[in-house]
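Inspection log for the structure reproduced underneath, given as structure tokens.
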Amino acid sequence: MLGELELVIDAKATLGEGPCWDSKKQLLYWVDILGKKVHIYNPITNEDKEICLEQMVGSIAPSECGEMILALENGFYFLNPDTEELRDICDPESHLQENRFNDGKCDPAGRFWAGTTEGVGIDGKGALYCLNTDLTVKKKVEHVSTSNGLAWSPDHKYMYFIDTPTRKVVRFDYDIYTGNIENPRDVVFIRKEDGLPDGMTIDEEGMLWIAHWGGSKVSRWNPMTGEQLLSIPIPALYVTSCTFGGNDLNELYITTAKMDTADANAGGVFRVKTNIGGCPTYRFSGEVY
């Protein structure tokens, strides 16, 4: 089912995170949260471009307008990848000085979802937000400790969400037309000995691929049964997220964090070919003002 795991970017990122694939440009975007960097990786040339920012950067997504959408330490921004110009959109937690934005993704309708965390990320002071295409923001989930993995089912009926300290994946009924979510249900549970669930992606069969922080692996799960289907060992303790890329969306890119480990490959980006395709990275469809 899997090809050989390879280290494609030996970045030694402090906290590599948030990979997403731009199918139009055939580029991988990812971030180093603590390093305050956006990375743009071209697998054809093997070039990994860095854009240095002045804030921690939680997540990134491509946009229909050509600019990128970011969740930075202090709210939502547009980033021009050519000029490296940042333009702020809004900060829904400007009153919470200890909070910062973390993981985020666009949904199938082109809205950008991103959540927050505070300090050590276990006190429930964060939330999950949705940036609508008209650039208004709505809080979707309250009392979140460390907002992390997001995914939408291929039929667009469900949204999956990880609040890391809970060690579980929650499934919501999702309305693509309104962005409403309701009826939360716990569908996947991660054992303590397997680390903590971090970032997440989904394949064309509706199976979830979860990165294990402190668990040195990525696992594949059936959210309808709660059954683990596959485990991929990664030579780094802190595995942070994953996404499908490549022409056929059958290459799984995996980010890791260096943090305080001595692992030689920690902080690198890995890639492994699979025999199943992933769901595409959705693009933000809001207009640049």
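What aspartates and glutamates does Lys25 reach when the alpha-carbon gap must be under 13 Å and sequence neighbours fewer than 8 apart in one chain are set aside?
Glu64, Glu67
Given the Cα-Cα distance of Glu204 and Asn222 and 0.36 nm per residue of separation, how much length would full extension add, in nm? Please list the in-between numbers first.
Details: separation 18, 0.36 × 18 = 6.48 nm, distance 1.20 nm.
Once the chain is fully extended between Glu204 and Asn222, it gains 5.3 nm.
Express in nm, to one decimal, how much length is gained between Leu230 and Glu54 on full extension, taking 0.36 nm for each residue of separation and deducting their alpha carbon distance.
Numbers: separation 176, 0.36 × 176 = 63.36 nm, distance 3.88 nm.
59.5 nm is the gain from fully extending Leu230 to Glu54.
Determine which lysines satisfy two conditions relative to Lys157: a Cα distance under 17 Å, and not lying fewer than 8 residues away in the same chain.
Answer for Lys157, where 17 Å is the Cα cut-off: Lys105, Lys140, listed by chain and number.
Counting other beta carbons within 10 Å of each residue's own, what order do Glu54, Glu4 fall into, fewest first? Can you show the working numbers first?
On the way: Glu54 10, Glu4 7.
In increasing order of surrounding Cβ atoms, one gets Glu4, Glu54.
For Leu27, which sequence-distant residues (separation of 5 or more, or a different chain) have an amide H within less than 5 Å of its own amide H, given hydrogens modelled in the peptide plane?
Here the answer is Asp22, since their amide H atoms fall under 5 Å of that of Leu27.
Check Leu72: other-chain or 5+ apart residues with amide H under 5 Å from its amide H, H built from backbone geometry?
Gly58, Tyr77
Quick check: from the Cα gyration tensor, does the chain come out rounded (a/c under 1.5), prolate or oblate? List each step's numbers first, then the result.
Numbers: a/c = 1.23, a/b = 1.08, b/c = 1.14.
Rounded shape, in that the Cα axes give a/c under 1.5.
Only Cα pairs under 8 Å and at least 6 apart count here; give the relative contact order of segment 51-205 as a rounded whole percent.
Values: 378 pairs, mean separation 21.2, N = 155.
Relative contact order comes out at 14 percent.
Separation of segment 238-265 and segment 128-153 by C-alpha centroid, Å?
23
Could you list Thr225, Thr164, Thr201 in order of exposure, starting from the residue whose Cβ has the fewest other Cβ atoms within 10 Å? Please report the intermediate quantities before stating the final value.
Working: Thr225 10, Thr164 24, Thr201 28.
Ordered from fewest to most neighbouring Cβ atoms within 10 Å, Thr225, Thr164, Thr201 come out as Thr225, Thr164, Thr201.
For Tyr174, what residues show an amide H to amide H distance below 5 Å, using hydrogens built from the backbone and excluding near sequence neighbours?
Answer set, sorted by chain and number: Tyr158, Met159.
Would you order Arg111, Arg100 from fewest to most other beta-carbon atoms within 10 Å of each residue's own beta-carbon? Show your work: numbers first, answer last.
On the way: Arg111 20, Arg100 23.
The most exposed by this proxy come first: Arg111, Arg100.
According to a simple spin-label model (label point 7 Å from Cα along Cα-to-Cβ), what is the distance in nm between Glu142 and Gln97?
For Gln97 paired with Glu142, the spin-label model returns 2.4 nm.
Here are some pairs, Lys37/Lys258; Lys37/Lys125; Lys217/Lys258; Lys12/Lys36; Lys168/Lys192; which of them have Cα atoms lying more than 21 Å apart in this structure? Working shown, then result.
Numbers: Lys37/Lys258 15 Å; Lys37/Lys125 25 Å; Lys217/Lys258 15 Å; Lys12/Lys36 14 Å; Lys168/Lys192 11 Å.
Where the Cα-Cα span goes over 21 Å, the pairs concerned are Lys37/Lys125.
Of the candidates Ala109, Ala266, Ala71, which one comes out as most mobile in a Gaussian network treatment of the chain with C-alpha springs shorter than 10 Å?
Ala109
Given contacts defined as C-alpha pairs under 8 Å and at least six residues apart, what's the relative contact order of segment 155-289, whole-number percent?
Working: 309 pairs, mean separation 20.7, N = 135.
For segment 155-289, the relative contact order is 15 percent.
With an 8 Å cut-off on Cα pairs and a minimum separation of 6 or more residues, tell me the relative contact order of the chain in percent. Before the final figure, lay out the partial values.
On the way: 880 pairs, mean separation 57.2, N = 289.
Relative contact order of the chain: 20 percent.
We did not get these values from a lab; they are worked out from the coordinates using the rules stated. Quick caveat: nothing in here was measured; it's all calculated off a predicted structure. In this analysis, Cβ positions are derived from the backbone assuming ideal geometry, glycine residues included, and neighbour counts consider all displayed protein chains.
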